[in-house]
Amino acid sequence: MGVYLLPSPPSLAVVFISFVTLSVHPEPELAITRHYKFDVTLQDVTRLCKTRSMVTVNGKFPGPRIVAREGDRLLIKVVNHVQNNISIHWHGIRQLRSGWADGTAYITQCPIQTGQSYVYNYTILGQRGTLWWHAHISWLRSTLYGPLIILPKLGTPYPFPKPHREVPIIFGNLIHYKKAIKLL
Ligand SMILES: [Cu+2]
């Protein structure tokens, strides 16, 4: 005949420690997970009176802005609809224990091939301010880029008087290839 041991009930000490832990940390976790989707497509874009076909994210040039708060987790699904291989680098983000999400093609990941997708998954720790994201393969970064804005945690003030308004400004370099070739 076997002897069956019933699991013992939680001791008073365990119950007490759990109660103390809940009492010390009554605030809910404020960090959230934010979802973005980047569709990489070819798009006709007109700038400086010229229209050209370029690789874009969601048809925008510059690309869409990402906004998060310090401590948030970002899940960004990148879907490649163009003929080029793609990877997106999150410039300036410290990839702490998420190096595979850095986006440097052939270094931390294989590029995303035509018709394929990849979900970048990382948490922003100890950083705030305005950074940017850009393609990290070939010269695609010339048209694939956009702002990455990290706000302070809720309830944490800026280290300067709160601005009346914030407007991200991105500098890019648009080359009209026909003229450039003629100059050569
Ligand atoms: Cu970069």
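The values are calculated or read from the model by the stated rules, or taken from the named source; none is laboratory data. Treat the numbers as computed from the prediction; the structure is a model and nothing was measured. Backbone-built Cβ (ideal geometry, glycine too); neighbour counts: all protein chains shown. Side chains are part of the model used for accessible areas, which takes the heavy atoms of the whole protein and leaves out ligands, DNA and RNA. Shrake-Rupley method; radii C 1.70, N 1.55, O 1.52, S 1.80 Å.
Output needed for region 34-126: three equivalent-ellipsoid semi-axes, defined as square roots of 5 times the C-alpha gyration tensor eigenvalues, in descending order, whole Å. Before the final figure, lay out the partial values.
Values: eigenvalues 126, 52, 24 Å².
The three semi-axes for region 34-126 are 25, 16, 11 Å.
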With a 1.4 Å probe and all protein chains kept in place, how do V40, V167 rank by accessible area, largest first?
V167, V40
Return the loop-located trypsin sites (Lys or Arg not before Pro) in region 31-69 (DSSP other than H, G, I, E, B) with at most 16 other Cβ atoms within 10 Å of their own Cβ; answer none if there are none.
R65
Taking region 97-167 and dividing mean pair separation by its residue count, relative contact order in percent (alpha carbons under 8 Å, at least six apart):
24 percent
HN-Hα couplings for region 46-62 via Karplus (6.51, -1.76, 1.60; θ = phi - 60°), in whole Hz with x for Gly/Pro, come out as 9, 9, 6, 6, 10, 10, 9, 8, 9, 7, 10, 9, 6, x, 10, 9, x
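Taking 45 Å as R0, compute the FRET efficiency from the Cβ-Cβ separation of Y106 and L48 and round it to 0.05.
0.85
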Per the 1.4 Å probe, what fraction of the accessible area of region 33-160, in percent, lies on carbon and sulfur atoms?
54 percent
If you average the sequence gap of Cα pairs under 8 Å that are 6 or more apart and divide by the length of region 65-184, what percent do you get for the contact order?
31 percent
Region 120-133 - phi-based ³J(HN,Hα) in whole Hz, Karplus 6.51/-1.76/1.60, Gly and Pro as x:
6, 9, 8, 10, 8, 10, x, 9, 8, x, 10, 10, 8, 10
What base-10 log of the normalised intensity I(q)/I(0) is obtained for region 26-74 from the Debye formula, alpha carbons as equal point scatterers, at q = 0.17, 0.19, 0.20 Å⁻¹?
-0.63, -0.70, -0.73
